[in-house]
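To keep things clear, I will list the structure first and then write my remarks on it.
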Amino acid sequence: MTLQIASRLPAIVLCLSLVITARAEESGYIPPRFMMTGARSQPLALQQASPLAGGPAAAQGGQFMDVQGNPIVLPVQCLQDSCEAGGGYGGAGGYGGAGGYGGAGSYGDPMAVDFGGYGPDQSGPHYFDVSLDSVFLKPLDPFDGVGSLVSVGVSGSANDPNRIDIVSNQEKYESGWRIAARYDLGPLSVIEGTYMGIYDIGFTSSIDSLSATAAMGQPPQANQLFRFPNFGIPPINTLDAANVYTISYDSDLQSTEISYRRYWMGYNSRVSGTFLLGTRYLRMTEAFNWNTQALLNGNPATPANSNTSSTSENDLVGFQFGGDGWLTLRQGLRVGTEAKAGIYNNRFKLSSSGVFNPVAGAPANFSAKSDGNQVAFAAEGGVTVVADILPSWSIRGGYQVLYLSSLATVGGVIDPTNASTAAMPTQGHALYHGFQGGLEYTW
């Protein structure tokens with residue numbers, strides 16, 4: 001019996017082979033066959049491929065097929081950052097293409113096609129190692145609420161058209177600089193240090209009686225400048241019937257920050273930003289001077305010079321929090337906005353003094369000082385555009401606003417109703433705004 005089965009085994013194997021081959025050919029697969037070598041052999045391009053090689057179509061340069069004759073879909077057909085439009089990574093027919101994974105654009109972003117089909121490594125979080133900016137800021141009227149201080153001619157009316165405001169609208173954009181540096185703490189976090197300094201904010205304004213009377217449509221006259229209180233009613237020696245008034249204001253602003261930033265990502269790599277937590281030191285100083293050259297009893301031979309001045313210092317130390325967000329408009333160009341705020345302790349000093357020519361009817365000299373600590377608030381925000389120009393260099397520019405509250409300011413010392421006030425107000429505020437532009441470097 002065993003010998004009979006053994007003798008029929010080749011026939012059984014041949015039958016099974018024919019059946020399997022027939023079933024495979026019904027599915028469109030042509031199995032490989034033994035080929036003769038030499039002149040009668042088939043050209044190499046027409047030889048059949050095995051199922052693991054992708055089938056006959058793949059052997060002839062067509063689409064890869066599985067053993068059932070179905071197309072084999074390869075989701076990624078190249079390893080470069082971006083490929084040809086026809087079937088590559090992020091292309092029209094490839095992974096992330098028009099008919100591929102994620103819809104019209106890369107990683108499901110319909111805007112990606114408009115900007116070259118960039119990948120996440122091409123539009124990731126905004127990062128730099130060092131940035132250096134020129135800053136141009138101006139204060140928004142540090143004498144808000146003071147009003148007019150000069151009258152051309154004797155005036156008793158608060159709405160007299162001859163009153164001149166020589167302190168408001170005198171401020172202009174002043175230049176300073178800012179430097180920031182970042183150091184990696186980990187894949188998604190950095191520590192950042194920033195310093196900004198603007199050292200010469202202010203103006204000097206001078207008015208003389210001859211020019212002032214002519215500007216009012218009157219014949220030029222000397223000794224027609226009058227100042228508070230009541231603008232010459234009654235006149236005060238050394239202050240009224242003056243030829244020249246000169247007012248000057250100087251201020252500086254400095255800021256030092258040490259912050260921890262943690263990166264975050266939006267719905268795709270085009271949107272990113274950081275959360276911020278850190279400490280900040282702000283310093284603002286001011287100096288105000290009013291000099292008068294008056295004529296005693298209108299006599300040009302007896303001029304009298306007087307001066308009133310005030311100074312302030314505000315040193316704010318505290319914690320702040322905030323963050324920024326960035327949108328990649330296209331590869332190498334992004335726009336971002338930042339906001340941060342904090343609570344601070346303000347160590348303030350405020351002083352005021354007046355020195356008048358010692359003649360009859362002149363105010364008494366005075367001097368007053370005040371210092372202390374109080375809670376203050378500071379907030380800053382801005383918009384910045386960054387454009388890459390070289391692999392490691394970018395240019396940047398933007399607009400920013402800085403607000404400080406609970407300050408001791410020289411504007412608060414000025415009292416238009418009292419030439420020798422010793423008031424020490426400490427709840428002033430300051431608003432700075434302006435532009436910045438500079439460079440970023442990444443190594």
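The values are calculated or read from the model by the stated rules, or taken from the named source; none is laboratory data. Since the structure is predicted, the reported quantities are computational estimates derived from the model, not experimental observations. Virtual Cβ from ideal backbone geometry, glycine too; neighbours counted across all protein chains shown. Areas reflect the complete protein model, heavy atoms only, side chains present, ligands, DNA and RNA absent. Shrake-Rupley method; radii C 1.70, N 1.55, O 1.52, S 1.80 Å.
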* To do: Any lysines with Cα under 25 Å of the residue 340 Cα? List them, leaving off those in the same chain fewer than 8 positions away.
  => 138
* Asked: Cα centroids of the range 271-300 and the range 326-340: how far apart, whole angstrom?
  -> 33
* To do: Quick one: net charge around residue 389, please, counting Lys, Arg +1 and Asp, Glu -1 for every other residue with C-beta under 13 Å from its C-beta.
  => -1
* Structure fact -> For the range 311-443, the accessible surface attributable to carbon and sulfur atoms (probe 1.4 angstrom, ligands and nucleic acids excluded) amounts in percent to 63
* Asked: Per residue, how much accessible area does the range 225-332 show when a 1.4 Å probe rolls over the protein heavy atoms, in square angstrom?
  -> 40
* Structure fact -> Share of accessible surface on carbon and sulfur in the range 188-279, whole %, 1.4 Å probe and ligands ignored, is 62
* So what J values fall out for the range 380-394 if you push phi through Karplus, 6.51 cos²θ - 1.76 cosθ + 1.60 with θ = phi - 60°, rounded to Hz, Gly and Pro as x? -> 9, x, x, 10, 9, 10, 10, 10, 6, 10, 9, x, 10, 10, 9
* **Rounded to whole Hz, the Karplus (6.51, -1.76, 1.60) HN-Hα couplings of the range 362-378, x for glycine and proline** => 7, x, 6, 4, 8, 8, 9, 9, 8, 8, x, 10, 7, 6, 10, 10, 9
